[in-house]
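Colleague: Okay, here's the structure, questions in a sec.
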Amino acid sequence: DIVMTQSPDSLAVSLGERATINCKSSQSVLYSSNNKNYLSWYQQKPGQPPKLLIYWASTRESGVPDRFSGSGSGTDFTLTISSLQAEDVAVYYCQQYYTSPCSFGQGTNLEIK
Amino acid sequence: QVQLVQSGAEVKKPGASVKVSCKASGYTFTSYSVHWVRQAPGQGLEWMGIINPSGGTTDYAQRFQGRVTMTRDTSTSTVSMSLSSLRSEDTAVYYCARDQGLGFNFFDYWGQGTLVTVSS
């Protein structure tokens, strides 16, 4: 099974500043035949289900603000929020869907400093 | 618009079974697989399995094999997840989530969640 490890577990960033969350997979999630990374990012606010932000490692879901971006390939990935807004306070999860069982990172709790 | 509406909260005793349903609307039911994911209190997300509503085929996470059953009813566009031999560690919010396709992809829509509490 592929293990997903996020860092840090918790992060406090000032409003308007950049937030960076890292995700590492125990094996590559890059499918060579289509050159796609099978990696997504979700945002979960308290009492709500997760919400899809990014898929294929860097494609922003429709309606997601452009301050959210994803990057990386193979085993190392990053979610960046370019200018933190109050409504971005949440837990963020990465997920690999390269193979079954799909797996999630442990989550990163993002707060305002 | 796409919606996944789940059944209500459940309280069960250890050893019992629970069935959670997820009614889909706003899209062609048989064109998208559905996953089940659970989240214990204060914990992360755990994938349980996937069902293809077209043929009814399933793929379960190994740790739930033998205890979980996922079914679908195409006449009502509903998928269900049953979990047996419940123990306190199964207390969690259970989510259904739509796959982006019929394969094994990211999850583009989620149900609101169903809290299952296992307590004597």
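Colleague: Would you check if B:Asp90 is out of contact with any Asp or Glu (no Cβ under 7 Å at 6 or more places or on another chain), within 12 Å of chain A (Cβ to nearest Cβ), charged (D, E, K, R) and open to solvent by less than 30 Å² (accessible area, probe 1.4 Å)? Break it down into steps so the answer makes sense when it comes.
Modeller: Values: out of contact with any Asp or Glu (no Cβ under 7 Å at 6 or more places or on another chain): yes; within 12 Å of chain A (Cβ to nearest Cβ): no; charged (D, E, K, R): yes; open to solvent by less than 30 Å² (accessible area, probe 1.4 Å): yes.
Judged against the criteria, B:Asp90 is not a match.
Residues are listed down the side, and each one gets a yes or a no for (1) free of Cβ contacts under 8 Å to residues at least 24 places away in the same chain; (2) under 14 Å from the mean Cα position of the chain (by Cα):
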site	(1), (2)
B:Tyr27	no, no
B:Trp47	yes, yes
B:Asn52	no, yes
B:Ala61	yes, yes
B:Val79	no, yes
B:Asp90	no, yes
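Colleague: Now a separate question. Just to be sure I understand the filter: pairs with C-beta atoms under 7 Å, separated by 6 or more residues or on different chains, first member in the stretch A:8-35 and over 23 Å from A:Tyr98 (Cβ atoms), second member among the small types (Gly, Ala, Ser) and in a strand (DSSP E or B). Which pairs pass?
Modeller: A:Leu11/A:Ala19; A:Val13/A:Ala19
Colleague: A follow-up question, please. Any idea which residue in the stretch B:37-54 is most open to solvent (accessible area, probe 1.4 Å), counting only those that are part of a strand (DSSP E or B) and under 19 Å from A:Gly105 (Cβ atoms)?
Modeller: Selected residue: B:Glu46.
Colleague: Mind telling me which of the residues A:Tyr98, A:Tyr92 ends up being farther than 14 Å from A:Ala57 by Cβ, among the aromatic types (Phe, Trp, Tyr), modelled with pLDDT of 95 or more and buried (at least 16 other Cβ atoms within 10 Å of the Cβ)? First the steps, then the outcome.
Modeller: Numbers: A:Tyr98 fails: farther than 14 Å from A:Ala57 by Cβ.
Answer to the check: A:Tyr92.
Colleague: Now a separate question. Among the residues of the stretch B:68-83, is there at least one that is assigned to a strand (DSSP E or B), at pLDDT 95 or above, within 11 Å of another protein chain (Cβ to nearest Cβ) and closer than 17 Å to B:Leu45 by Cα?
Modeller: no
Colleague: For the stretch B:102-117, how many residues meet the condition of being more than 14 Å from A:Leu52 (Cβ to Cβ) and open to solvent by less than 10 Å² (accessible area, probe 1.4 Å)?
Modeller: 2
Colleague: Within the stretch A:76-89, can you find the residues that are open to solvent by less than 10 Å² (accessible area, probe 1.4 Å) and either in contact with a Gly (Cβ under 6 Å, 6 or more places away or on another chain) or within 14 Å of another protein chain (Cβ to nearest Cβ) (or both)? Working first, answer last.
Modeller: We begin by selecting, within the stretch A:76-89, every residue open to solvent by less than 10 Å² (accessible area, probe 1.4 Å); these are A:77, A:79, A:81, A:84, A:88.
Of everything in the stretch A:76-89, those that are open to solvent by less than 10 Å² (accessible area, probe 1.4 Å) and either in contact with a Gly (Cβ under 6 Å, 6 or more places away or on another chain) or within 14 Å of another protein chain (Cβ to nearest Cβ) (or both) turn out to be A:Phe77, A:Leu79.
Colleague: Show the residue pairs meeting these rules: Cβ distance below 8 Å; 6+ apart or different chains; first residue within the stretch A:49-75 and within 13 Å of chain B (Cβ to nearest Cβ); second residue open to solvent by less than 40 Å² (accessible area, probe 1.4 Å) and at pLDDT below 95.
Modeller: What qualifies is A:Tyr55/B:Asn105.
Colleague: Being in contact with a Pro (Cβ under 9 Å, 6 or more places away or on another chain) and of a type outside the set (Lys, Arg), is that true of even one residue in the stretch A:53-64? Talk me through it step by step, then tell me what you get.
Modeller: From the stretch A:53-64, those in contact with a Pro (Cβ under 9 Å, 6 or more places away or on another chain) are none; that's our starting set.
Checked the stretch A:53-64: no residue is in contact with a Pro (Cβ under 9 Å, 6 or more places away or on another chain) and of a type outside the set (Lys, Arg).
Colleague: Please go through the stretch B:31-49 and pick out each residue that is at the interface with chain A (Cβ under 8 Å from one of its Cβ atoms) and not aliphatic (A, V, I, L, M).
Modeller: Scanning the stretch B:31-49 gives B:His35, B:Gly44, B:Glu46, B:Trp47.
The values are calculated or read from the model by the stated rules, or taken from the named source; none is laboratory data. Small disclaimer: the values here were computed from a predicted structure and weren't measured. Neighbour counts run over all protein chains shown; Cβ positions are idealised from the backbone, glycine included. Note: accessible area is taken over every heavy atom of the protein model, side chains too, but ligands, DNA and RNA are not part of it. Shrake-Rupley method; radii C 1.70, N 1.55, O 1.52, S 1.80 Å.
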